[in-house]
Structures are given as structure tokens and as C-alpha cells.
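Worksheet: the structure to be examined is printed underneath.
The values are calculated or read from the model by the stated rules, or taken from the named source; none is laboratory data. Quick caveat, the model's predicted, so the values are computed rather than measured. Virtual Cβ from ideal backbone geometry, glycine too; neighbours counted across all protein chains shown. We work out accessible area using only protein heavy atoms, side chains counted, and drop any ligands, DNA or RNA first. Shrake-Rupley method; radii C 1.70, N 1.55, O 1.52, S 1.80 Å.
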Amino acid sequence: MSFWKKVGELAVKAGGAIVDEAKAANERCKEYRAEMPSKSDSELARIMERERTRTPLRATAAFQELKSRGYSPEEIKNL
């Protein structure tokens with residue numbers, strides 16, 4: 001097998017893995033968004049604080065839910 005053929009096969013495998021991870025992240029994001037409307041404002045603020053580094057997708061979903069409830073970004077920071 002030639003070097004470039006092997007490189008091409010590896011690139012295809014890497015591309016497939018990236019697509020799979022993107023699909024999984026999108027699914028997690030949908031789950032987090034569906035979870036947030038049932039939370040109180042204080043719970044959402046706690047999620048944003050705790051999950052910011054561990055699960056940023058969840059923290060972002062909490063932030064978006066607070067924005068949809070009429071809070072401005074500045075008000076969200078002060079919660």
C-alpha cells in the first residue's frame with residue numbers, strides 16, 4: 001500500500017470520527033435544552049456556575065433559557 005493511499009484512508013477515518021462526535025454533541029445539546037425549561041431561575045444560575053468548565057454545552061443551555069425568560073446578559077451575570 002502506498003504512503004499516500006494510507007494517509008487518505010486515515011484522513012477518511014478521522015473525518016468520520018469528527019462527524020460522529022459532532023452528532024453526539026448536537027444530541028447532548030438538544031437534551032440539555034429540553035431539560036432547562038423545568039428548572040427554576042436559581043437552578044439555572046447554579047448550573048451555569050458549576051457546569052461552565054465541565055459541561056459547557058449544559059451551561060450554555062441554561063444561559064439561553066434565562067435569556068428566553070427575559071433576562072439580559074448583565075442580569076444573568078448578577079444572578
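Among all residue pairs at least 6 apart or on different chains, which show Cβ distances below 8 Å where the first residue, located in region 42-65, is on the phi < 0 side of the Ramachandran plot and the second is crowded, with 16+ Cβ neighbours inside 10 Å and of a type in the set (Lys, Arg)?
Between residues of region 42-65 that are on the phi < 0 side of the Ramachandran plot and residues that are crowded, with 16+ Cβ neighbours inside 10 Å and of a type in the set (Lys, Arg), the close pairs are 47/39; 47/58; 51/58; 61/33; 62/39; 64/33; 65/33; 65/39.
For region 20-50, how many residues are assigned to a helix (DSSP H, G or I) and either of a type in the set (S, T, N, Q) or open to solvent by 70 Å² or more (accessible area, probe 1.4 Å) (or both)?
Of the residues in region 20-50, the ones assigned to a helix (DSSP H, G or I) are 20-38, 41-50.
Still in the running and either of a type in the set (S, T, N, Q) or open to solvent by 70 Å² or more (accessible area, probe 1.4 Å) (or both): 20-21, 23, 26-28, 30-31, 33-34, 37-38, 42, 46, 49-50.
Within region 20-50, residues that are assigned to a helix (DSSP H, G or I) and either of a type in the set (S, T, N, Q) or open to solvent by 70 Å² or more (accessible area, probe 1.4 Å) (or both) number 16.
For region 51-62, give me the residue count where each residue is over 12 Å from residue 76 (Cβ atoms) and surrounded by 14 or more Cβ atoms within 10 Å (Cβ to Cβ). Quick ask: steps written out before the conclusion?
Of region 51-62, the ones over 12 Å from residue 76 (Cβ atoms) are 51-58, 61.
When the remaining residues are screened for being surrounded by 14 or more Cβ atoms within 10 Å (Cβ to Cβ), the result is 51-52, 55, 57-58, 61.
Adding up the residues that qualify gives 6.
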